[in-house]
1. Give just the number: which of (1) at pLDDT 95 or above; (2) farther than 20 Å from Leu100 by Cβ does Gly211 not satisfy?
2. Those residues that are more than 23 Å from Ala229 (Cβ to Cβ) and among the polar types (S, T, N, Q), I need them from the stretch 188-210; list them, please.
3. For the stretch 199-237, give me the residue count where each residue is touching a helix residue (DSSP H, G or I) at 6+ places or on another chain (Cβ under 6 Å) and open to solvent by less than 30 Å² (accessible area, probe 1.4 Å).
4. Looking only at the stretch 25-83, how many residues end up being within 21 Å of Pro170 (Cβ to Cβ), of a type in the set (S, T, N, Q) and open to solvent by 20 Å² or more (accessible area, probe 1.4 Å)?
5. Cβ-Cβ distance below 9 Å, separation of 6 or more or different chains: which pairs start in the stretch 9-32 with a residue that is farther than 18 Å from Ser67 by Cα and end on one that is hydrophobic (A, V, I, L, M, F, W, C) and surrounded by fewer than 16 Cβ atoms within 10 Å (Cβ to Cβ)?
6. Output the residues belonging to the stretch 18-72 that are in contact with a helix residue (DSSP H, G or I) (Cβ under 6 Å, 6 or more places away or on another chain) and under 18 Å from Glu236 (Cβ atoms).
7. State which residue pairs qualify: first residue under 14 Å from Asp51 (Cβ atoms) and inside the stretch 92-105, second residue surrounded by fewer than 24 Cβ atoms within 10 Å (Cβ to Cβ) and among the basic types (Lys, Arg) in any location, beta carbons under 7 Å apart, and separation of 6 or more residues or different chains.
8. Could you list all residues from the stretch 62-111 that are touching a Pro at 6+ places or on another chain (Cβ under 9 Å), modelled with pLDDT of 95 or more and more than 22 Å from Phe241 (Cβ to Cβ)?
Amino acid sequence: MDCMIGGVRCHYTQQGQGRDVLLLHGWGGNIESWLPVTEHLAKKCRVTVLDFPGHGGSGSPPDSGWSVDDYRDFTAEFLEKAGIAPCDIVAHSFGGRVALLLAATRPELVSRMLLTGCAGLLPRRSAASKAKSSVFHALKNVSDHIPGGKALREKVAGHLGSTDYRALAPGMRATFVKVVNQDLAPVLPRISAETLLVFGRNDQETPLWMGEALRDGIRGSALVVLENAGHFAYLEQCAAFLRIMDAFFFPEGKEAR
């Protein structure tokens with residue numbers, strides 16, 4: 001299914017009946033990233049899965065790029081237009097960023113949240129990372145004043161940037177930069193939705209310390225650690241994840257109503 005949200009095409013699917021649960025994928029993912037979770041939830045409730053702009057079958061943000069705030073606004077408008085708010089949310093990685101900001105600023109749209117491998121906090125930067133950043137910013141200051149500087153900056157950024165950054169089309173690079181540099185730590189105390197965090201012990205993208213910091217920052221939240229799992233713990237340890245999800249959303253085996 002497709003609809004227009006703020007002039008951007010939004011592709012989504014919807015299955016099942018009952019209380020509403022929204023699934024938000026990670027950066028580079030899409031609707032299919034949630035297939036086993038979607039199939040499981042569809043037996044218990046109405047589950048909606050969307051492709052974020054710039055991913056899957058949805059349209060793209062403008063070349064100027066979107067921040068997490070823009071994705072929050074997009075998701076909020078989608079929830080209202082689809083008539084599924086308030087809803088429970090299951091989110092992975094980048095989707096967790098959007099869920100955090102949504103819950104902090106639009107609490108009337110969010111019931112409960114299960115966030116796995118949730119991003120949103122600034123990483124602890126290594127010396128090599130700081131050096132790369134210094135080189136890029138120095139180049140930016142110079143390239144703004146020389147012919148062909150913008151093209152040169154893009155070329156060097158592609159070389160210095162992360163794997164995720166280098167894989168992006170130029171139009172999505174501005175969005176990536178805005179998203180990864182937005183620190184959501186200040187909004188955590190404003191979240192009132194019941195929140196469960198699930199992190200893989202071996203996660204290298206959103207390390208366990210991030211899960212612990214989110215737990216400490218979100219009042220009343222809890223953290224579950226899955227052993228022998230990384231950033232995609234919800235797929236690597238899918239059976240365990242589904243049991244945790246059921247216990248959180250459907251205590252005592254009750255289906256969502």
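The values are calculated or read from the model by the stated rules, or taken from the named source; none is laboratory data. Here the structure is a predicted model, which is why all the values come from computation and not from measurement. Positions of Cβ are generated from backbone atoms using ideal geometry, with glycine treated the same way; all protein chains shown enter the neighbour counts. When the accessible area is computed, the model is the full protein with side chains, heavy atoms only, and any ligands, DNA or RNA have been set aside. Shrake-Rupley method; radii C 1.70, N 1.55, O 1.52, S 1.80 Å.
1. The one condition Gly211 does not meet is (2).
2. Ser192
3. 8
4. Within the stretch 25-83, residues that are within 21 Å of Pro170 (Cβ to Cβ), of a type in the set (S, T, N, Q) and open to solvent by 20 Å² or more (accessible area, probe 1.4 Å) number 4.
5. Qualifying pairs under 9 Å: His11/Met1; His11/Cys3; Tyr12/Met1; Tyr12/Cys3; Thr13/Met1; Gln14/Met1.
6. If the condition is that a residue be in contact with a helix residue (DSSP H, G or I) (Cβ under 6 Å, 6 or more places away or on another chain) and under 18 Å from Glu236 (Cβ atoms), then Leu23, His25, Gly26, Trp27, Pro36, His40 are the ones that fit.
7. Within 7 Å, the pairs are Val98/Arg72.
8. First, pick out the residues of the stretch 62-111 that are touching a Pro at 6+ places or on another chain (Cβ under 9 Å): 63, 66, 70-71, 74, 79, 86, 104, 107-111.
Those left that are additionally modelled with pLDDT of 95 or more: 66, 70-71, 74, 79, 86, 104, 107-111.
Answer for the stretch 62-111, where residues must be touching a Pro at 6+ places or on another chain (Cβ under 9 Å), modelled with pLDDT of 95 or more and more than 22 Å from Phe241 (Cβ to Cβ): Trp66, Asp70, Tyr71, Phe74, Leu79, Pro86, Ala104, Pro107, Glu108, Leu109.
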